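Engineer: Have a look at this one.
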């Protein structure tokens, strides 16, 4: 049985592990160590990554009770290797996961809704079994960040059976033994197997970016810590660029975009009306000599061709076709009044 070092110290970056087994599976090598700081994928969170010796560990999974480290090269059974996790990646996951616990704890206390879904990959989503409004989520976000500012302790531990019986905690599963509890003082108590920050201040910031109705409840898109900072930086640069392009102050950028959009819509409607009149005049000036004629006019789109064909047919009857070449392709519209086409 592999000793789970990540259970004891979520900030452990390096350790020495002895190879108990090494088996080739597909293009990777599944390695079992006597002890590991690599967190295996589970509970909605992606696994750690890093190195064991010079072998790159890209994925870690639990299979039949064993923690398998999937490496790009084999390691010698019985040999000890210096192992190092990608701590930047680990810390990013911890910031987001601990932030999710805070949000879930607050939502449960305020509104009684349960966290029924959680995924932490390149983005983090959190699902609740009840609907929340934007105003309610703003309140949740404010309280979540207040918990960050207070730098509350985050304790991960295994309570005794007696302690567990009297403990009120969140859990998606009906757990009976070996229950690992993550407690954020005054905010949340939850069963969880993943590494977490040691204090809420390490999270930095919690931001609820978006939400949508989902399976009778709500799904949140959340970013915490470095992810939230990167998101803010990118959006700030976008706002700055939009402000410069529209010669507007940053707080007025949204109003400037709305104004520009309204202007474009008005100009588009005016252009469409002018085209319609032009097409009507074009059709009025056409004097067909037979009941089947075709008109070629470059630069018209399909809607304009339909207008021209309809106008030709209304003016002269018979079968009238309008053809146009645009962007290297030809389009056409044919209209027949009281005639099957």
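Engineer: Nearest 10 degrees, 0 to 90: what angle lies between the long axis of helix 225-246 and the longest principal axis of the chain (Cα atoms)?
Structural biologist: Rounded to the nearest ten degrees, it is 20.
Engineer: Can you pull the one-decimal nm distance between simple spin-label points at residue 275 and residue 82, each 7 Å off the Cα toward Cβ?
Structural biologist: Taking the two extended label points, one gets 6.9 nm.
Engineer: Further question: Among 267, 66, rank each residue by its count of other Cβ atoms within 10 Å, from fewest to most, as a rough exposure measure.
Structural biologist: Sorted ascending by nearby Cβ count, the order is 267, 66.
Engineer: Sticking with this one: Semi-axes of the equivalent ellipsoid of segment 200-271: what are they in whole Å, largest first, if each equals the square root of 5 times a C-alpha gyration tensor eigenvalue?
Structural biologist: The equivalent ellipsoid of segment 200-271 has semi-axes of 33, 20, 8 Å.
Engineer: Any chance you could run the full-extension gain for residue 209 through residue 7? It's 0.36 nm times the residue separation minus the Cα-Cα distance, nm to one decimal.
Structural biologist: Gain in length upon complete extension: 69.7 nm.
Engineer: To continue, here is another question. Between the helical axis of 87-111 and the dominant principal axis of the chain, each derived from Cα atoms, what acute angle in degrees is found, rounded to the nearest 10?
Structural biologist: For helix 87-111, the angle is close to 80 degrees.
Engineer: Let me see the pair-distance distribution of the chain: every alpha carbon pair, 20 Å bin width, integer percents in order.
Structural biologist: Bin by bin from 0 Å, the calculated values are 23, 34, 21, 19, 4.
Engineer: How much of the DSSP bridge set in the chain is antiparallel, in percent, rounded to the nearest 5?
Structural biologist: 85
Engineer: Go through 223-231, 163-171 and give me the packing order, highest mean Cβ count within 10 Å leading.
Structural biologist: Ranking the peptides 223-231, 163-171 by packing returns 223-231, 163-171.
Engineer: Could you give the distance between the Cα centres of segment 191-258 and segment 24-98, to the whole Å?
Structural biologist: 31
Engineer: Would you mind checking the tilt of helix 302-316 against the longest principal axis of the Cα atoms of the chain, expressed as 0 to 90 degrees and rounded to 10?
Structural biologist: Value to nearest ten degrees: 20.
Engineer: Here is a further query. What are the semi-axes of the equivalent ellipsoid for segment 1-125, taken as the square roots of 5 times the Cα gyration tensor eigenvalues, largest first, in whole Å?
Structural biologist: 31, 14, 12
Engineer: Please rank 254, 324, fewest neighbouring Cβ atoms within 10 Å first, as an exposure proxy.
Structural biologist: Ranked by crowding around the Cβ, least crowded first: 254, 324.
Taken together, the values in this text are just the output of simple stated rules run on the coordinates, not laboratory data. The structure presented is a predicted model; accordingly, all values stated were derived computationally and were not measured. Here Cβ is always computed from backbone atoms with ideal geometry, including for glycine, and neighbour counts include all displayed protein chains.
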